[in-house]
1. Check region 154-171 and report whether any residue there is of a type outside the set (Gly, Ala, Ser) and at pLDDT below 95.
2. Out of curiosity, is residue 463 surrounded by fewer than 20 Cβ atoms within 10 Å (Cβ to Cβ), under 36 Å from the mean Cα position of the chain (by Cα) and in contact (Cβ under 8 Å) with a residue 60 or more places away in the chain?
3. What is the one condition in (1) assigned to a loop (DSSP other than H, G, I, E, B); (2) out of contact with any Ser or Thr (no Cβ under 6 Å at 6 or more places or on another chain) that residue 39 does not satisfy?
4. Only strands (runs of 3 or more DSSP E) wholly contained in region 52-149 count here; list those with 1 or more residues that are hydroxyl-bearing (Ser, Thr, Tyr) and touching a helix residue (DSSP H, G or I) at 6+ places or on another chain (Cβ under 7 Å).
5. Could you list, in sequence order, the residues of region 168-193 that are touching a residue at least 60 places away in the same chain (Cβ under 8 Å), more than 17 Å from residue 218 (Cβ to Cβ) and not in a helix (DSSP H, G or I)?
6. Does residue 164 count as in contact with a His (Cβ under 6 Å, 6 or more places away or on another chain), of a type in the set (Val, Ile, Thr) and touching a residue at least 12 places away in the same chain (Cβ under 8 Å)?
7. Of all residues being on the phi > 0 side of the Ramachandran plot and modelled with pLDDT of 95 or more in region 253-282, which is surrounded by the most Cβ atoms within 10 Å (Cβ to Cβ)? Just the residue, please.
8. Taking interchain pairs and intrachain pairs at least six residues apart, which have beta carbon atoms under 8 angstrom, with the first residue in region 434-451 and loosely packed, with under 12 Cβ neighbours inside 10 Å and the second of a type in the set (Asp, Glu)?
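The values are calculated or read from the model by the stated rules, or taken from the named source; none is laboratory data. What you see is a predicted model, and the numbers here were worked out from it, not measured in a lab. Positions of Cβ are backbone-derived with ideal geometry, glycine not excepted, and every protein chain shown enters the neighbour counts.
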Amino acid sequence: MTRPLLRRLATPIAITLLAFLGTLTTTGPAHAAADRVRLGSAADVNRTSWQGPAFTMNGDGGVVPETMTRAIDAIRGSTGSLDVVVLAGSAPTSGSATPECDTVIALAGVNSCTTWTLTAASDAGNAQLNADVRNAEFVYFAGGDQCRYAAWKGTPLEASVESVVAKGGGSGGGSAGTHINSSIVYDACKGSVTSAEALSDPYKSSVTFTTGMFNWPNYADTINDSHFVTRDRMGRTMAFVARAIKDGLTTNGAAWGVGVEQGGGSLFIDKSGQGTEYGQDAYIVLGDHQPEQAAAGKALTFSNYKIWRLAPGSTFDFKNRPTCGYYRRSVTNGTADANLYNGIAEACGPTGGAGLRESEPNDSPSTANDATALASPFDLSGDMKSSTDRDYFKIGLNAGQTASTRCTIPSTYDADLYLLDSNGSTIARSVNNGAGTAESLSFTRTASGTGTYYVELEAYSGSGSETYTCTLTKS
């Protein structure tokens, strides 16, 4: 049947028709209209004021009920209900067509949840879409492709989302939705990049950014990343931070990477800028100086990133960003230090300044923990692990500068305080008797230039895991 039919169609008219049909098949399918699915009430909540903003940054695409509930309660002041819009750049490949709203609509205080699936940048001008967003109190960006979201920069949809936050609502997302909520967006518009690739060349073609889109309160100079530990993304975040500083993308010469782990990890940020981590760990990665080497085709070198590890329940003040509590890691010729995801934090001093917790081995001047970079005043802390333990900390003093040190010793042991010069010779000491007795000393450098010194805590009697704390002030 088929071949005779083809022969009968082989006329000038039929040939023209077949050519036309062939043209249709090569142009591809027409763009699908933006898709809207609403759950819950058909009518929006009408209320004059809201108590946010509030934000959620999730390590993967799923809504985290704990932080979403906290955001909902913060925005509505724990009274009444609100409306949520979920924005997605593509439809789910399996399961429910509205997975985020399925979770959200079951939470207390939710009046409705509307999912919009937008497959083209032009969808951002849809009138119904923008009306839904402006009438909502929280906008959630689904996981997927952050490049699709970055294409909404400068569109009516961007302005609509910003209006939600401005009225006291909130914004958030997971995976790609987390990326788009930072002030500097790794947009992945030219493909994804691994940590090894980004460190080997931070100007690799796949390292691209979108800036000037969302600038949420207290969240300036941030670069979000997701699936952080599982996909080993610390290295690429380090490269992103270096690029942001080198390219002048930040407001004050420093950049803050924010990496959230998957599997329920979620960073909640309230209207005062206080962040609280839920479910899994998150990491804050600060670069506060120009990279030693960041150029196209060259491996990255950047010293002393400051890294805060936020375990579930930990907090971080994004408004008044801390100057202590971090550990340090560096990248040299594209190779990052070992153990990027764990470190001994430099403790916070009594005035909120920096500090340093001992890290063994530090039982001699040659293995002393280095405190030379800490700003005065700062704390040196540790414990006397045995009755013969000695802890050394390296400090620097300028000509005419005085170092005053006072140590609080726990009642379980007696420890003595010494100050040594660069040769290891004792130049000052405090050896008061009695377990739990405080020790203090003061020394002024009279020589010219800068000198190296060592603070030594030595067990005299007893030992234990209780912490001593020595506060050192330079004047």
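1. Filtering region 154-171 down to residues of a type outside the set (Gly, Ala, Ser) leaves 155-158, 161-162, 164-165, 167.
With at pLDDT below 95 added as a condition, the list becomes none.
No: region 154-171 contains no residue that is of a type outside the set (Gly, Ala, Ser) and at pLDDT below 95.
2. no
3. Here residue 39 clears every test but (1).
4. Working: elements: 54-58, 82-88, 110-117, 138-141.
In region 52-149, 54-58, 110-117, 138-141 are the strands (runs of 3 or more DSSP E) which contain 1 or more residues that are hydroxyl-bearing (Ser, Thr, Tyr) and touching a helix residue (DSSP H, G or I) at 6+ places or on another chain (Cβ under 7 Å).
5. Kept after step one, since they are touching a residue at least 60 places away in the same chain (Cβ under 8 Å), are these residues of region 168-193: 168-178, 181-182, 184.
After this cut, where a residue has to be more than 17 Å from residue 218 (Cβ to Cβ) as well, the list is 173-177.
Of everything in region 168-193, those that are touching a residue at least 60 places away in the same chain (Cβ under 8 Å), more than 17 Å from residue 218 (Cβ to Cβ) and not in a helix (DSSP H, G or I) turn out to be 173, 174, 175.
6. Details: in contact with a His (Cβ under 6 Å, 6 or more places away or on another chain): no; of a type in the set (Val, Ile, Thr): yes; touching a residue at least 12 places away in the same chain (Cβ under 8 Å): yes.
No.
7. To start, the set of residues in region 253-282 that are on the phi > 0 side of the Ramachandran plot comprises 253, 263-264, 273, 279.
Restricting the remaining residues to those that are modelled with pLDDT of 95 or more gives 263-264, 273, 279.
Values: 263: 12, 264: 17, 273: 17, 279: 19.
Ranking the candidates gives 279 first.
8. Between residues of region 434-451 that are loosely packed, with under 12 Cβ neighbours inside 10 Å and residues that are of a type in the set (Asp, Glu), the close pairs are 434/414.
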